[in-house]
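Note sheet for the following structure.
Bear in mind these aren't lab numbers, they're just calculated from the coordinates by the rules spelled out. Here the structure is a predicted model, which means the values were calculated and not measured. So basically every Cβ, Gly included, is an ideal-geometry build from the backbone, and we count neighbours across all protein chains shown.
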Ligand SMILES: NC(=O)c1ccc[n+]([C@@H]2O[C@H](COP(=O)([O-])OP(=O)(O)OC[C@H]3O[C@@H](n4cnc5c(N)ncnc54)[C@H](OP(=O)(O)O)[C@@H]3O)[C@@H](O)[C@H]2O)c1
């Protein structure tokens, strides 16, 4: 069921991406009015704030509220992590509603080595929690937000997203794994490879977010403007949205940590890929339209490719 849900979401965003590309190619197309555009654009790619009718403005919330997504994720996925760890060491001691949910959602595994599947899922939940924690800290102390907005539909979707993501990881713990059963802490090559890739992609994502924040600060670190300018340095030399590319790499690193064979998680990766590709294409168009001297060799999202 989780796989079908993520596949549906990925297909919707892929369709939106193709539709947007087709519109942008039409003469006079690519404008940002209409409900479809309201739903796919946010922040700097959604223009005309003051010109928007008051009724429509009511449907928007500040983009800085991204912070709520990560706060929800840190709390919810932290709770799931503690629950999974305690369910293993203190059987029967924890929330029975979550136990029922896990039995309903978790898949039955025929694999002899269920303990190791349990361990991989725990690792991924930990990586997801660390990712949300870092993003929360960046929203609080690194990024400088302007008065950009997001639609309330996007806001509600964002709140539900990290809850659904944690439940998806929970589903990857075999439902027939008995509480109190020995957890097999067997480090495999794919755990190491996944974690190395996760750290590498996270470092670059952080560096790129620092570069964006510095565009609005003086040398002494004081915020001096809230405008959008052209970023340079790190992966920005190759693409307009390296932080979106790094996000996809982070989810790929989790697929690797799960042992590469988890179809549900590959659908999550496909969803993040299509969602971030759409956001990157809109952002790339924004830069090209706003800055006549925008570097011609820069791709939107994937270095040398797209
Ligand atoms: N997993 C998912 O489904 C998902 C979905 C969305 C985002 N994300 C991740 O969340 C992170 C943030 O995403 P985002 O869409 O908010 O990124 P973003 O639009 O690039 O914004 C990041 C920060 O940089 C500022 N900024 C952006 N462009 C700038 C420019 N040209 N000059 C100066 N400041 C600039 C933004 O301010 P303002 O926008 O306030 O002006 C904001 O503070 C990314 O790493 C992304 O991968 C993940």
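How tilted is helix 152-171 with respect to the longest principal axis of the chain? Cα atoms for both, answer in degrees (0 to 90, nearest 10).
The two axes meet at around 30 degrees.
Once you order the gyration tensor axes a ≥ b ≥ c over the Cα atoms, which shape class does segment 187-306 get: rounded for a/c under 1.5, otherwise prolate or oblate by comparing a/b with b/c?
Prolate is the answer for segment 187-306, as a/c is 1.5 or above and a/b outweighs b/c.
Percent of Cα-Cα pairs more than 28 Å apart in the chain, please.
Taking all Cα-Cα pairs of the chain, the fraction more than 28 Å apart is 43 percent.
Mind pulling the angle between the C-alpha long axis of helix 96-105 and the longest principal axis of the chain? Nearest 10 degrees, somewhere in 0 to 90.
80
What order, most packed first, do the peptides 118-130, 138-150 have when packing is the mean number of other Cβ atoms within 10 Å of each residue?
118-130, 138-150
What percent does the relative contact order of the chain come to when contacts are Cα pairs within less than 8 Å and at least six residues apart?
Taking the mean separation of contacting Cα pairs over the length of the chain, I get 27 percent.
Take the Cβ-Cβ distance between residue 133 and residue 59 as r, set R0 to 25 Å, and report the resulting FRET efficiency rounded to the nearest 0.05.
For residue 133 and residue 59, the calculated efficiency is 0.25.
Build a GNM of the chain with springs between Cα atoms under 10 Å: which of 135, 41, 25 gets the top mean-square fluctuation?
Result: 25 has the largest fluctuation of those listed.
Place the peptides 283-295, 63-75 in order of packing, highest mean first, counting for every residue the other Cβ atoms within 10 Å and averaging per peptide.
Ranked by mean Cβ neighbours within 10 Å, highest first: 63-75, 283-295.
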